[in-house]
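None of the figures in this text is laboratory data; all of them are computed from the coordinates on show. No experiment lies behind these values; they were computed from the predicted model shown. No Cβ is skipped: glycine too gets one built from the backbone with ideal geometry, and neighbour counts run over all protein chains shown.
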Amino acid sequence: MPVLKNISQLACCRMEGQQGDIHTIEKAALAWESDKFAWVGGEKELPERYAHWPELDAAGRLVVPGLIDCHTHLAFGGWRAGEFEQRIGGKSYLDIARAGGGILSTVRATRQLSEEALLKRSLQFLREMGRLGITTVECKSGYGLDTKNELKLLRVYQRLAETQPLRIIPTFLGAHVVAPEYRDRREKYIELLIQEMIPQVATQGLADFCDVFLEESAFTREESKRILEAGKRHGLRPKLHADQLSDGGGAVLAAELEAASADHLECISESGIQRMAESGVVAVSLPLASIYLDQRQLPARRLIEAGVPVAVATDFNPGSAPSYDLPLALMLACNLQRMTPAEALKGATIYAALALGLEGITGSLEPGKSADFAILDAPDVNHWMYHFRPNCCVGTFIRGMQLFCEPSVSLWQEE
Ligand code: NIG
Ligand code: FE
């Protein structure tokens, strides 16, 4: 039953209000009982009953909800540094994909790795994400592209969820691209997805969401609709990689299907924005992918002004976003998409939770919510995103348990 005191600024990030409303409290304290927050407020108002609970000292730092990365492709084999160099030299992402590189080269590398090896690699990434203040990670399959290998990736996520502390939310992305064996028989691959993979994933309880890459080089709007509707029939909520390299009507489809989120959206149309606003679909901004592909950024201001909640995530993958640094993505969303630091933070907390259907569980500092939070070595949210540092997280807690503490910092007060 500990109490964290001496917080310079507490950003509660409740759902209500606009994107920029993060409900800050200066000179605050925070109390939790087993895995849930019990009390949040100004330190002077701390009720007497918490006064004798074990104390932690934030030493005048900022405290935010545990960060949520709501879009990653966490488990994969190999890397693609050569393609990074090729793109800088002028080759496009699609040129590389057409030549058999891109996603398909990661598929070859991923199929070769055992479940154990993928588990070990992913675990290392998650450890480092925990040190950045991240407590929840959405993880997509999509580098297997056959039943055996897609299930292998989702089993890696299942085992991670059971054996390490970060909260893992698995998404089935068998419709990432058409599998190489089906290059000239795409209809057969779609049948395999609908008749075999989706039912098996659902019966084995291996995913919460079904995602599709709707793009010229991947799946059409009609194909995406069929796949996501099949997922829905099996209890998998739709998500979409939409309007990334061109406007393929992905945002409108996401609205029609009442998807949990539509992600990327660099090329979203005005009608796409309107339809998303009407249907309450979360937009997921992925600034790292836009930078790595030297592409335009998501029009965050237009989405926010239309009333669409905008989440911010890394898209961590070996091709278009080889970084799991969510604080970096937040700083980029500020500078390149003109989101304020408060708007970006709401996008990596309660709106990211909304994109994962977790808004009742995590993503804000409120009594009854899971005690997931990060202590950051900055006086306030503006300063944190402005003075970008390799890592200013000094402590991460999930479900009330300390996940990480910077070794040079002592949080616990001596009796
Ligand atoms: O989100 N867009 C499709 N999927 C990834 C890229 C994956 C890859 O290049 O390996 C993305 O950007
Ligand atoms: Fe992605």
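Between V409 and I88, the contour length at 0.36 nm per residue exceeds the alpha carbon distance by 111.5 nm. Contact order for the chain, expressed relative to its length and based on alpha carbon pairs under 8 Å spaced 6+ residues apart, stands at 21 percent. Listed by Cβ neighbour count within 10 Å, with the fewest neighbours leading, M197, M331, M385, M1 appear as M1, M331, M385, M197. Fully extending the segment from A117 to R302, taken as 0.36 nm per residue of separation minus the present Cα-Cα distance, adds 62.3 nm. Of the residues L113, Q195, L326, the one whose Cα sits farthest towards the positive end of the charge dipole of segment 68-355 is L113 (charges of +1 on Lys and Arg Cβ, -1 on Asp and Glu Cβ, taken about the Cα centre).
Peptides 139-147, 62-70, 157-165 ordered by packing proxy, namely the average of other Cβ atoms within 10 Å per residue, highest first: 62-70, 139-147, 157-165. Express in whole angstrom the spacing between the alpha-carbon centres of segment 122-187 and segment 8-72. Cα centroid to Cα centroid, the span is 31 Å. Of the residues G66, I7, G78, the one whose Cα sits farthest towards the positive end of the charge dipole of the chain is G78 (charges of +1 on Lys and Arg Cβ, -1 on Asp and Glu Cβ, taken about the Cα centre).
Structure note, pairs K36/K148; K152/K239; K152/K232; K91/K120; K120/K140: Cα-Cα distances above 27 angstrom occur for K36/K148; K91/K120. Comparing L236, Q158, F213 along the charge dipole axis of segment 135-256, the residue lying farthest to the positive side is Q158, per the Cβ-charge model. Put a plus charge on the Cβ of each Lys and Arg, a minus charge on the Cβ of each Asp and Glu, and nothing anywhere else: the dipole of segment 68-355 about its Cα centre is then about 560 debye. Our estimate of slack between E191 and D57, defined as 0.36 nm per intervening residue step minus the Cα-Cα distance, is 42.6 nm. Computed from the Cα positions only, the extents of the chain along the three principal axes stand at 70, 45, 44 Å, in decreasing order.
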